[in-house]
């Protein structure tokens, strides 16, 4: 696999992007094309050793889309922006997938303009892995579309189920519609209209309405909602996990010597918990519904998340996720272009 990596635009670019790319090519034996300012990238790479022999190349891009810029306007105006050029490499068949930790809006716009949508998909969705007691739950949409129609949520269910099966290895993933109650008569108009459509599906294992607490409990593998709700759930979960770990640390610091001594015995367990709650372990979130692999990372991504995002990008292409989504959308007949 050859992955195009947008090396500019994130909080710690290009240093952390470069380090993550180096780790990825060494660990996963893939190729990486770093897209961005050639002089800056060469400076970072030269500090790490003989990078020309590691499967890393550079594609120069003279522009960067900043976080404050209007995504679609910037993508149209800045034809030589790093995320635009990286996407073009996939469109032209020179690379297999894209990884970007820049502006999420710009990433979505670049993917839509550069790759286009899978035939039959109305609106792409960001699918975010969330840790639970039993493994991982996929939440989508987590921010690409804040006003989705029922048919878009149905397509989200198809795409999320495919990703859970082929990337997370979950056989017959359980799909739930995020709602304020499990009863079929609960929810707003969007949920009430979507539920009967999901019940008719043949290619997914729909288990009905689920509540927010079902996500961390692990009673559902794929949770479907619109981007407004999904993004609120995601940010709340990330904040809560961070607060819980900080509260544990503060409690230990404020305790007596006996508690501090005992904490040394549970330190390995705490480190394991921290890894499980660390979003960097999951390697970013795929943008599902566009005609190519596109992995979106946090703007504050360090090398670890970039490395894992490149791994996910490789698996995405190797497992032909785009083709599987297209096949199932056609089977279900929920075809939309709006």
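Among the candidates 105, 120, 143, which residue alone is modelled with pLDDT under 90 and under 16 Å from the mean Cα position of the chain (by Cα)?
On inspection, the qualifying residue turns out to be 143.
Listed here are the residues, each with its yes/no results for (1) free of Cβ contacts under 8 Å to residues at least 24 places away in the same chain; (2) surrounded by 13 or more Cβ atoms within 10 Å (Cβ to Cβ); (3) within 20 Å of residue 317 (Cα to Cα); (4) assigned by TED's automatic domain parsing to the domain that holds residue 314.
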position: 9; (1), (2), (3), (4): no, yes, no, yes
position: 17; (1), (2), (3), (4): no, yes, no, yes
position: 21; (1), (2), (3), (4): no, yes, yes, yes
position: 28; (1), (2), (3), (4): no, yes, yes, yes
position: 54; (1), (2), (3), (4): no, yes, no, yes
position: 64; (1), (2), (3), (4): no, yes, no, yes
position: 86; (1), (2), (3), (4): no, yes, yes, yes
position: 93; (1), (2), (3), (4): yes, no, yes, yes
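Going through the range 106-150 one residue at a time, which ones are part of a helix (DSSP H, G or I) and either out of contact with any strand residue (DSSP E or B) (no Cβ under 7 Å at 6 or more places or on another chain) or not assigned by TED's automatic domain parsing to the domain that holds residue 66 (or both)?
106, 109, 110, 113, 114, 150 - these are the residues of the range 106-150 that are part of a helix (DSSP H, G or I) and either out of contact with any strand residue (DSSP E or B) (no Cβ under 7 Å at 6 or more places or on another chain) or not assigned by TED's automatic domain parsing to the domain that holds residue 66 (or both).
Name every residue in the range 46-74 that is over 17 Å from residue 99 (Cβ atoms) and not in a loop (DSSP other than H, G, I, E, B), in order of residue number.
46, 51, 52, 53, 60, 63, 71, 72, 73, 74, listed by residue number.
Out of contact with any helix residue (DSSP H, G or I) (no Cβ under 9 Å at 6 or more places or on another chain) and within 24 Å of residue 287 (Cα to Cα): is that true of residue 89 in this structure?
It is true that residue 89 is out of contact with any helix residue (DSSP H, G or I) (no Cβ under 9 Å at 6 or more places or on another chain) and within 24 Å of residue 287 (Cα to Cα).
Restricting the range 283-310 to residues that are buried (at least 21 other Cβ atoms within 10 Å of the Cβ) and part of a helix (DSSP H, G or I), which is farthest from the chain's Cα centre (by Cα)?
Applying the filter and picking the extreme gives 307.
Do the conditions hold for residue 39, that is, is it at pLDDT 95 or above, in a helix (DSSP H, G or I) and not assigned by TED's automatic domain parsing to the domain that holds residue 228?
Numbers: at pLDDT 95 or above: yes; in a helix (DSSP H, G or I): yes; not assigned by TED's automatic domain parsing to the domain that holds residue 228: yes.
For residue 39, the condition - at pLDDT 95 or above, in a helix (DSSP H, G or I) and not assigned by TED's automatic domain parsing to the domain that holds residue 228 - is met.
The values are calculated or read from the model by the stated rules, or taken from the named source; none is laboratory data. In this text the structure is predicted, and so the values were computed from the model without any measurement. FYI the Cβ positions are ideal-geometry reconstructions off the backbone, even for glycines, and counts take in every protein chain you see.
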